[in-house]
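Q: This is the structure I have questions about; it appears just below.
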Amino acid sequence: MYNLIGYKTKNKVFEKAFIHKSFNKNKHNERLEFLGDAILSSVVAEFLFMEYPNEEEGFLSQKRAIIVGRKHLNLVGKKIIPPERIKSKLKKIPFSVYGNTLEAIIGAIYVDKGMGQLMSFVKKHIYKSEFLEELSDTDYKSKLLKYSQKEKVKVAYKLEKQEGPDHKKEFIVAVFVKGNKITEAKASSKKEAEQKAAKKAIKIVF
């Protein structure tokens with residue numbers, strides 16, 4: 001019997017959910033991961049649709065992107081999946097493998113118990129996750145500063161270019177980490193360009 005985070009079953013689909021491709025190239029969890037990714041997006045969309053009846057599509061899409069985002073799933077997966085349960089030949093399990101395995105688990109729950117049990121699991125562990133408040137913060141410059149201080153690296157912003165007429169100016173801002181240009185972004189204000197560039201830099205560096 002497989003005991004999955006308080007979820008007990010005899011269905012061997014769960015055995016496959018924990019198998020990384022490095023462990024077995026023919027029998028691994030990537031198909032379940034594909035299924036879990038698609039179903040999770042749908043379930044979260046339904047939760048948001050019901051919880052926020054007066055919000056527009058843009059708001060709902062932004063909220064869903066954070067909830068089903070890779071960083072969030074990695075954090076949830078790392079919290080609830082014991083590393084020894086993941087079968088791999090990797091020397092160290094990368095952070096991303098926890099999120100991928102979590103999606104495979106979601107796929108396995110759906111195959112084994114159907115949508116009702118799956119929705120309960122998603123609501124408990126993902127939709128109401130303790131990590132969402134921090135991830136919902138859109139001040140990416142503050143986030144990048146926090147990461148850089150933790151890693152003890154210097155981050156700097158530089159206005160690379162300013163173009164267009166006065167009534168329609170565009171600013172291109174670059175982010176430098178340890179003196180190296182990481183990325184750049186364009187926006188109608190310098191402040192917005194810095195935020196966009198910081199967001200890109202977080203994904204690339206951290």
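Q: Which one is farthest from the chain's Cα centre (by Cα), of the residues in the range 23-76 that are modelled with pLDDT of 90 or more and acidic (Asp, Glu)?
A: Glu51
Q: Look at Lys141 and say whether it is under 20 Å from Phe206 (Cβ atoms), surrounded by 17 or more Cβ atoms within 10 Å (Cβ to Cβ) and basic (Lys, Arg).
A: Numbers: under 20 Å from Phe206 (Cβ atoms): yes; surrounded by 17 or more Cβ atoms within 10 Å (Cβ to Cβ): yes; basic (Lys, Arg): yes.
Judged against the criteria, Lys141 is a match.
Q: Restricting the first residue to the range 50-69 and requiring it to be of a type in the set (A, V, I, L, M, F, W, C), which pairs with a second residue that is outside any helix (DSSP H, G or I) meet a Cβ separation below 9 Å and a spacing of at least six or different chains?
A: Going by the 9 Å Cβ cut-off, the qualifying pairs are Phe59/Tyr52; Leu60/Tyr52; Ile66/Ser136; Ile67/Ser129.
Q: Further question on the same structure: Can you find, within the range 47-68, the residue that is surrounded by the fewest Cβ atoms within 10 Å (Cβ to Cβ) among those that are of a type in the set (Val, Ile, Thr) and in a helix (DSSP H, G or I)?
A: Taking the range 47-68 as the starting set, the residues that turn out to be of a type in the set (Val, Ile, Thr) are 66-68.
With the extra rule that they be in a helix (DSSP H, G or I), the set shrinks to 66-67.
Values: Ile66: 16, Ile67: 26.
Checked the range 47-68; the qualifying residue surrounded by the fewest Cβ atoms within 10 Å (Cβ to Cβ) is Ile66.
Q: Mind telling me which of the residues Leu102, Leu135, Leu118, Leu73 ends up being buried (at least 19 other Cβ atoms within 10 Å of the Cβ) and closer than 28 Å to Glu192 by Cα?
A: Numbers: Leu102 fails: closer than 28 Å to Glu192 by Cα; Leu135 fails: buried (at least 19 other Cβ atoms within 10 Å of the Cβ); Leu118 fails: closer than 28 Å to Glu192 by Cα.
One residue alone meets the criteria, Leu73.
Q: From the set of residues in the range 77-89 that are exposed (fewer than 12 other Cβ atoms within 10 Å of the Cβ) and more than 20 Å from Glu130 (Cβ to Cβ), which is nearest to the chain's Cα centre (by Cα)?
A: Glu84
Q: Here are some residues: Lys92, Lys71. Which one is on the phi < 0 side of the Ramachandran plot, part of a helix (DSSP H, G or I) and out of contact with any His (no Cβ under 8 Å at 6 or more places or on another chain)?
A: Unique residue meeting the criteria: Lys71.
Q: So, Gly179, is that one out of contact with any His (no Cβ under 8 Å at 6 or more places or on another chain) and outside the structural domain of Met50 (by TED's automatic domain parsing) or not? Let's see the steps before the verdict.
A: Working: out of contact with any His (no Cβ under 8 Å at 6 or more places or on another chain): yes; outside the structural domain of Met50 (by TED's automatic domain parsing): yes.
Yes.
Q: Report yes if Ala198 is surrounded by 13 or more Cβ atoms within 10 Å (Cβ to Cβ), under 17 Å from Lys71 (Cβ atoms) and not assigned by TED's automatic domain parsing to the domain that holds Arg70, otherwise no.
A: Values: surrounded by 13 or more Cβ atoms within 10 Å (Cβ to Cβ): yes; under 17 Å from Lys71 (Cβ atoms): yes; not assigned by TED's automatic domain parsing to the domain that holds Arg70: yes.
Yes: the conditions hold for Ala198.
The values are calculated or read from the model by the stated rules, or taken from the named source; none is laboratory data. This structure is a prediction, so every number in the text was calculated from the model and none was measured. Cβ coordinates were reconstructed from backbone atoms using ideal geometry, including for glycine residues, and neighbour counts include every protein chain displayed.
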